[in-house]
Amino acid sequence: MTLDELKVGQSGVIKTVGGEGSLRCRLLDMGLIPRTKIRLQKVAPMGDPVEIHVRGYELTLRVADAKKIEVEAAE
C-alpha cells in the first residue's frame, strides 16, 4: 500500500521511496527513509495535503508525493 492509503491515526513502516531525481532526494532528506515508522495525523478537508508524524516531527506532503512512498501498515 502507499502512504496516501493509510487512514487517520494509522501507523506504518516505510518500505520504499519512489520518485525520480530531486523529488526522491527531497523525500529522503525529509527523513522518509525505508524502515522508518510513520503515522498519518491529518488529512486536509479537500483531501490534499496530508500530515504525517515521522521521526518526532510533523510533516505535510502532497498526495501526489505520498503516492510514491510504499508503506507496510502496522497496528
**OP:** Among the numbered conditions (1) over 10 Å from the mean Cα position of the chain (by Cα); (2) open to solvent by 40 Å² or more (accessible area, probe 1.4 Å), tell me where Lys67 comes up short.
**Re:** (1)
Original post:
Which residues, counting only those in the range 24-64, are more than 12 Å from Ile14 (Cβ to Cβ) and basic (Lys, Arg)?
Top reply: Arg24, Arg26, Lys42, Arg62
Original post:
Can you pull out the residues in the range 1-16 that are in contact with an Asp or Glu (Cβ under 7 Å, 6 or more places away or on another chain) and of a type outside the set (D, E, K, R)?
Top reply: Thr2, Gly12, Val13, Thr16
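Considering only the range 39-64, state which residues are acidic (Asp, Glu) and open to solvent by 50 Å² or more (accessible area, probe 1.4 Å).
Selection gives Asp48, Glu58.
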Subject >> Filter pass, Val71 being aliphatic (A, V, I, L, M) and in contact with a Leu (Cβ under 6 Å, 6 or more places away or on another chain) >> reply: yes
Original post:
Does any residue in the range 38-58 that is at positive phi come within less than 7 Å, Cβ to Cβ, of a residue that is modelled with pLDDT under 95 and surrounded by 14 or more Cβ atoms within 10 Å (Cβ to Cβ) six or more places away or on a different chain, and which pairs are these?
Top reply: Gly47/Val63; Arg55/Gly31; Arg55/Thr36
Subject >> Sole exception among (1) surrounded by 16 or more Cβ atoms within 10 Å (Cβ to Cβ); (2) of a type in the set (A, V, I, L, M, F, W, C); (3) in a strand (DSSP E or B) for Ala73, by number >> reply: (1)
Original post:
Looking at the range 19-38, is at least one residue open to solvent by less than 30 Å² (accessible area, probe 1.4 Å) and part of a strand (DSSP E or B)?
Top reply: yes
Original post:
From the residues in the range 1-18 that are more than 9 Å from Ile69 (Cβ to Cβ) and outside any loop (DSSP other than H, G, I, E, B), which one is most open to solvent (accessible area, probe 1.4 Å)?
Top reply: Glu5
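The values are calculated or read from the model by the stated rules, or taken from the named source; none is laboratory data. Note that the coordinates shown come from a computational prediction; the quantities given were computed from them, not determined experimentally. Positions of Cβ are backbone-derived with ideal geometry, glycine not excepted, and every protein chain shown enters the neighbour counts. Keep in mind that these areas ignore ligands, DNA and RNA; they rest on the heavy atoms of the full protein, side chains included. Shrake-Rupley method; radii C 1.70, N 1.55, O 1.52, S 1.80 Å.
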